[in-house]
Amino acid sequence: MTLSTKVTNKEKTWRTICDSSDLVKDSGISALLLNEAGIEEQIAIFHLPNSEEKIYAVGNYDPIGKANVLYRGIVGCIADEPVVASPLYKQHFSLKTGKCLQEEQSISVYPIRIENEQVQVFY
Amino acid sequence: MNSDKQLLSKAKIVVVGNGMVGHHFVEEMAKNSDYEITVLSAESRLAYDRVHLSEYFGGKTAEDLAMTTPEHYEELGVTFKTNAKVTNIDKVAKFVSTESGATYHYDKLILATGSYPFVPPIPGKDQDHCLVYRTIDDLEDIANSAKVSKIGVVIGGGLLGLEAANAIKQLGLQTHVVEFAPQLMGVQIDGGGGRLLKSKIEDLGVKVHTSKATNVIEKGDSSRYKLCFNDGSELETDLILFSAGIRPYDNLAREFDLAIGERGGIVVNNQCQTSDADIYAIGECALWNNFIFGLVAPGYAMAKVAAKHIGGVTDANGEPAEFTGADMSTKLKLMGVEVGSIGDAHAKTEGSLTYTYENQPEGVYKKIVVSSDKKALLGAVLIGDTSEYDTLLQYMLNAIELPESPEGLILPMAADKPTLGVDALPDTATICSCHNVTKGDIIAAIDCGAVDVGQVKSGTKAGSGCGGCAALVKSVADNEFEKRGVEVKKDICEHFAYSRKELFDIVSVEKIKTFDELLSSHGRGLGCEICKPVAASVLASVWNDYILKKPHLSLQDTNDTYLGNMQKDGTYSVVPRIAGGEITPDKLIVLGQVAKKYNLYTKITGGARVDLFGARVEQLPPIWKELVDAGFETGHAYGKSLRTVKSCVGSTWCRYGVQDSMTMAIDLENRYKGLRAPHKIKFGVSGCTRECAEAQGKDIGIIATENGWNLFVGGNGGMKPRHGDLFATDLDDETLVKYVDRILMFYVQTGDRLQRTSVWMDNLEGGLAYLQDVIMKDSLGITDVLEEQMAAIVGSYQCEWKTTLEDPEALKRFKPFVNSDKGDSNIQFVTERDQIRPARGEEKIAVTIIDATEKDVVAEEA
Ligand code: SRM
Ligand SMILES: Cc1cc2nc3c(=O)[nH]c(=O)nc-3n(C[C@H](O)[C@H](O)[C@H](O)COP(=O)(O)OP(=O)(O)OC[C@H]3O[C@@H](n4cnc5c(N)ncnc54)[C@H](O)[C@@H]3O)c2cc1C
Ligand code: SF4
Ligand code: FES
């Protein structure tokens with residue numbers, strides 16, 4: 001696979017991360033991006049085929065557990081809001097807004113889509 | 001000084017005897033700090049639980065039975081002397097003195113001297129190996145004597161005699177019971193019940209001789225002694241245990257002129273005062289209303305009354321507390337035979353009528369005694385099946401009017417068998433008589449915030465005595481929860497309105513194989529981190545599929561997904577199975593080599609194996625590849641499944657070992673490894689009663705005996721330690737494994753989410769006795785199925801790491817990023833004591849990998 005982290009153009013745009021076959025149903029994978037400042041960012045990508053948006057991307061860093069682990073959390077819904085539960089201390093983060101349901105914390109949310117079997121993130 | 005004065009002026013209370021009742025008095029009285037309490041005990045140890053004395057032979061130690069400790073008494077500010085028998089009371093000068101001559105002044109004196117076993121005046125009774133059954137010291141003597149004896153006889157076939165007979169049978173002696181009367185347990189049950197009890201006990205291999213009076217004990221022909229009976233017959237024996245009734249220790253009262261009953265006992269009034277108003281008597285030495293109560297609950301009631309009276313505590317109307325008698329109904333299990341006796345078992349009340357049901361083939365006998373107008377229940381006898389005990393007892397205690405045909409209460413198949421709803425009970429109804437807990441007390445506990453039966457029990461102490469009331473406590477509490485609309489919540493989460501057990505049944509009955517099927521047929525929404533692992537565990541228990549198979553993958557906690565425990569920094573631990581803690585030097589070297597190669601922090605765990613910490617996700621497969629190649633398997637340290645079977649070296653090496661605990665531990669660990677359960681399961685196997693493997697603190701504990709294995713269930717370390725309950729004794733290997741198969745499978749099916757076996761036991765309706773019935777007597781008719789299910793699981797075991805390493809799809813999961821081969825730069829270590837540990841926030845170096853073309857921009861910002 002080609003490294004999609006080589007960023008030469010600073011303009012935000014849809015960039016391909018991986019094939020849609022790399023996604024794991026009802027679970028997460030992680031990806032490494034270089035943001036517009038050229039700094040590494042880790043994101044967690046979740047594939048929930050039975051939910052409204054079907055695919056979500058959020059930051060991989062758990063601000064409470066302070067480790068890059070969110071893609072390894074269990075996904076599901078709480079009162080119809082799609083969420084991931086941190087594998088460390090089990091707080092829920094909304095996949096739509098990035099807000100933590102239990103504490104005053106939030107994680108970033110990234111626009112994501114599947115185009116021609118390609119998973120693309122806007123950054 | 002002021003405070004000194006206060007100290008000096010404290011009234012002095014001296015308590016003679018530190019049995020169960022004397023101790024209860026101390027606890028009650030110590031709540032009031034105006035008194036200085038001194039306890040004088042004739043025994044060599046402080047109070048212990050005499051009611052559960054027989055468990056001493058089942059592996060409980062003196063410490064287990066202890067009801068208090070010197071430290072606890074010191075905390076309460078109580079002075080105490082052991083080996084201090086009181087021999088003198090001076091009622092005028094108000095002091096007592098002990099054998100050694102020490103004197104103690106009192107303002108109030110409490111006699112709690114209990115009773116002693118009566119030994120009939122049979123010539124020859126005072127020889128060695130002629131023993132009684134009352135104290136821990138007695139039990140030590142019995143155990144020593146049993147070591148050099150083959151045959152044992154208990155003289156006396158009452159309740160305690162039968163308990164003693166069971167004990168010497170457990171010690172491996174050929175056992176006889178000799179009873180003077182024509183029937184067993186004459187006090188509690190009638191002739192019909194006695195007959196049945198006798199035949200049931202004989203079926204268990206104890207020979208019962210009724211209507212036999214012993215004339216003399218002589219030197220035996222083939223054994224140490226022989227008993228010569230009045231009918232000319234003889235019985236050879238090596239050990240003789242007298243259990244011919246108890247007599248109150250009223251000698252002090254006798255000698256120092258306190259009123260005594262005609263047939264003994266220190267006469268007390270309703271406040272438990274003797275004929276001297278400053279001297280109280282409580283417990284088994286006290287005679288109230290011409291009656292001695294040989295049970296602990298009435299003794300506790302007396303202790304409370306005396307403490308209140310001394311402290312001047314009165315009720316709402318200004319009346320002093322009063323002892324008003326106590327119910328002597330009993331329910332117990334003698335050598336596995338259920339026996340219940342309620343109220344007027346012998347139908348002595350004038351005009352009373354009886355109904356009897358007897359089923360000889362099944363060994364069940366039931367009788368109820370009702371008033372002449374058939375409206376009130378006066379008494380009952382239940383042998384072989386005491387399931388109606390609670391209901392009948394409540395009918396009697398609360399004078400609840402009987403249904404039209406009272407016989408329906410004991411007839412087996414009565415279609416509309418009247419079961420007494422707990423709603424019908426008044427608030428004053430005693431639910432737990434050991435701790436005198438009423439229905440009102442249970443409601444009060446719920447008012448104060450108890451939210452489940454476990455909390456009700458720990459808050460009120462209900463159920464922590466003989467345990468006989470457990471089922472009733474639960475139904476009263478559940479009924480109360482329901483009334484409050486606090487629906488007794490069993491739903492595991494918002495996606496499934498079912499308990500774990502119900503989901504288990506749904507999955508097995510409807511043959512559901514995936515979470516998606518389960519969710520679409522019985523759930524809603526997308527699921528969550530609660531129901532998914534539950535479903536995964538249930539699916540694994542029922543079908544035992546490889547847990548990372550596609551449909552199950554997303555259900556697992558990260559620990560299960562990555563087959564390791566996630567640490568605080570996102571790395572994992574690596575714990576290979578080391579069955580029984582036994583490991584060859586070669587394998588130990590492999591662990592060292594792997595740890596060194598991957599720079600892993602290495603530690604011997606509390607579970608007696610080796611844990612390697614600090615592995616990054618991407619390192620897990622190569623690490624495990626090396627381990628699996630060297631013959632290691634996963635240790636399931638991440639799973640709600642079998643963890644370790646801790647063992648000692650046992651008879652193979654240890655000079656005290658009586659069985660090969662090591663082989664047993666390894667076999668058990670290999671048998672149950674991989675079994676998924678509501679929570680983790682730990683075993684311990686010890687080679688003798690010294691218990692070096694701490695088996696009693698494990699879910700399944702196994703302790704070697706001379707004759708096999710004692711099995712304990714429901715032990716727990718961790719947050720709320722609990723000793724396991726002695727489940728069965730002297731099992732052979734095969735029976736042991738059979739029982740463990742059944743117990744574990746039953747737990748797997750009925751346990752709640754994240755419920756260890758200890759909590760499961762505490763919440764099991766009917767408690768230990770119920771579990772014993774299900775497992776050993778097959779009362780639910782499910783043991784075959786349980787065994788089959790376990791056999792299927794054992795037969796389909798696979799090492800999850802081995803399977804994972806062979807599956808390229810599964811290995812993909814261990815790649816840190818889908819689009820890069822780099823590792824997580826946030827994982828950093830520092831060195832401490834020559835090994836790595838996760839760097840703390842302030843120790844971390846900010847590694848911001850910057851795209852070469854953009855260096856300047858960032859540098860400017862920084
Ligand atoms: C590694 C170890 C401590 C050590 O450094 O020695 C350990 C480590 C953990 N224990 Fe433990 N326990 C370890 C022995 C014990 C013991 C001792 C024993 O087994 O004899 C106990 C008390 C005995 C018991 O369980 O009854 C113990 C009682 C607990 C508990 C409390 C359980 C309870 O019922 O109260 C938890 C929490 C839980 O399971 O919910 C726990 C949970 C944990 C977890 C899983 C917490 C977590 O989620 O991170 C730790 C992760 C282990 C890892 O990363 O591999 N650990 N833990 C020990 C591993 C034993 C092994 O070889 O598998
Ligand atoms: C094997 C067995 C099983 C039992 N099972 C049950 C049961 O299931 N349910 C139930 O309710 N009851 C049961 N009991 C009865 C129960 O144990 C007693 O009712 C209870 O222990 C009585 O308590 P107590 O404090 O009055 O007397 P005890 O426990 O006998 O204590 C009296 C203490 O006073 C000491 N003492 C005596 N004289 C003196 C003196 N002069 N100076 C100093 N100390 C003195 C004695 O040594 C003794 O330690 C059982 C008893 C036994 C032996
Ligand atoms: S439990 Fe007994 S057999 Fe095992 S090591 Fe300890 S003393 Fe030896
Ligand atoms: S009645 Fe004995 S514990 Fe409740």
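The values are calculated or read from the model by the stated rules, or taken from the named source; none is laboratory data. Everything quoted here is computed from the prediction, not taken from an experiment. A quick note on method: Cβ atoms are made from the backbone with ideal geometry, for glycine too, and the neighbour counts reach across all protein chains shown.
When you check B:Gln696 against the structure, is it in contact (Cβ under 8 Å) with a residue 60 or more places away in the chain, more than 16 Å from ligand 2 (Cβ to nearest atom) and of a type in the set (S, T, N, Q), yes or no? Taking the combined requirement at face value, the residue satisfies it. Checking each residue in the range B:271-293 for being surrounded by fewer than 19 Cβ atoms within 10 Å (Cβ to Cβ) and either aromatic (Phe, Trp, Tyr) or modelled with pLDDT under 95 (or both) picks out B:Asn289, B:Asn290, B:Phe291. Surrounded by 15 or more Cβ atoms within 10 Å (Cβ to Cβ), within 39 Å of the chain's Cα centre (by Cα), among the polar types (S, T, N, Q) and not in a strand (DSSP E or B) - does that describe any residue in the range B:208-216? Yes: one or more hits. Considering each residue of the range B:549-558 in turn, none proves to be at the interface with chain A (Cβ under 10 Å from one of its Cβ atoms), out of contact with any helix residue (DSSP H, G or I) (no Cβ under 9 Å at 6 or more places or on another chain), under 30 Å from A:Lys54 (Cβ atoms) and outside any helix (DSSP H, G or I). Among the residues making up the range B:425-467, those that are among the aliphatic types (A, V, I, L, M), assigned to a helix (DSSP H, G or I) and at pLDDT 85 or above are B:Ile442, B:Ile443, B:Ala444, B:Ala445, B:Ile446, B:Val456. Does B:Arg676 satisfy being modelled with pLDDT of 95 or more, of a type outside the set (A, V, I, L, M) and either crowded, with 18+ Cβ neighbours inside 10 Å or within 16 Å of ligand 2 (Cβ to nearest atom) (or both)? No, not satisfied.
Could you check, for the range B:116-128, whether at least one of its residues is under 33 Å from the mean Cα position of the chain (by Cα), outside any helix (DSSP H, G or I) and within 30 Å of B:Ser464 (Cβ to Cβ)? The answer is yes, given that some residue of the range B:116-128 is under 33 Å from the mean Cα position of the chain (by Cα), outside any helix (DSSP H, G or I) and within 30 Å of B:Ser464 (Cβ to Cβ).
Within the range B:676-719, the residues that satisfy the criterion of being away from ligand 1 (no atom under 15 Å from the Cβ) and of a type in the set (A, V, I, L, M, F, W, C) are B:Cys688, B:Ile703, B:Ala704, B:Trp709, B:Leu711.
Given the range B:468-538, what helices (runs of 4 or more DSSP H) lie entirely inside it while holding 1 or more residues that are touching a residue at least 12 places away in the same chain (Cβ under 8 Å), under 28 Å from B:Leu675 (Cβ atoms) and within 16 Å of ligand 1 (Cβ to nearest atom)? Walk me through how you get there before you give the answer.
Values: elements: B:470-483, B:500-509, B:515-522.
It comes to B:500-509.
Only residues that are of a type in the set (Lys, Arg) and either away from ligand 3 (no atom under 15 Å from the Cβ) or under 27 Å from B:Lys501 (Cα atoms) (or both): list them for the range B:651-687, please.
B:Arg671, B:Lys673, B:Arg676, B:Lys680, B:Lys682
Mind checking which residues of the range B:273-316 are part of a loop (DSSP other than H, G, I, E, B) and either touching a His at 6+ places or on another chain (Cβ under 6 Å) or among the β-branched types (Val, Ile, Thr) (or both)? So that I can check it myself, show each step before the final result.
Let us first name the residues in the range B:273-316 that are part of a loop (DSSP other than H, G, I, E, B), namely B:274-278, B:282, B:289-290, B:292-295, B:312-313, B:315-316.
Of everything in the range B:273-316, those that are part of a loop (DSSP other than H, G, I, E, B) and either touching a His at 6+ places or on another chain (Cβ under 6 Å) or among the β-branched types (Val, Ile, Thr) (or both) turn out to be B:Thr274, B:Ile282, B:Ile292, B:Val313.
Counting residues that are within 7 Å of another protein chain (Cβ to nearest Cβ) and touching a Pro at 6+ places or on another chain (Cβ under 8 Å), which strands (runs of 3 or more DSSP E) fully inside the range A:21-123 reach at least 1? Spell out the reasoning first.
Working: elements: A:27-34, A:40-47, A:55-59, A:74-78, A:81-85, A:92-94, A:112-115, A:118-122.
Strands (runs of 3 or more DSSP E) meeting the threshold: A:27-34, A:74-78.
Scanning the range B:581-589 for residues that are away from chain A (no Cβ under 14 Å), in a helix (DSSP H, G or I), within 36 Å of the chain's Cα centre (by Cα) and modelled with pLDDT of 95 or more turns up at least one hit.
Scanning the range B:105-115 for residues that are surrounded by 18 or more Cβ atoms within 10 Å (Cβ to Cβ) and in a loop (DSSP other than H, G, I, E, B) yields B:Tyr106, B:Ala112, B:Thr113, B:Gly114. Restricting A:Leu95, A:Leu70 to residues that are crowded, with 24+ Cβ neighbours inside 10 Å, in contact with a strand residue (DSSP E or B) (Cβ under 8 Å, 6 or more places away or on another chain) and over 20 Å from B:Asp824 (Cα atoms) narrows the list to A:Leu95.
Among what's in the range B:232-283 and is among the acidic types (Asp, Glu) and under 30 Å from B:Val148 (Cβ atoms), pick the residue that is nearest to the chain's Cα centre (by Cα).
B:Asp238
Listed conditions (1) in contact (Cβ under 8 Å) with a residue 24 or more places away in the chain; (2) touching an Asp or Glu at 6+ places or on another chain (Cβ under 8 Å); (3) over 21 Å from B:Leu675 (Cβ atoms) are all met by B:Lys568, apart from (2). Residues that are of a type outside the set (A, V, I, L, M, F, W, C) and modelled with pLDDT under 80 were ranked within the range B:530-553; the one that is farthest from B:Glu809 (Cα to Cα) is B:Asn544. Counting only strands (runs of 3 or more DSSP E) that fall entirely inside the range B:317-387 and contain at least 2 residues that are touching a Ser or Thr at 6+ places or on another chain (Cβ under 8 Å), the qualifying elements are B:330-334, B:337-343, B:364-370, B:377-383.
For the range B:566-587, the count of residues that are hydroxyl-bearing (Ser, Thr, Tyr) and surrounded by fewer than 21 Cβ atoms within 10 Å (Cβ to Cβ) is nonzero.
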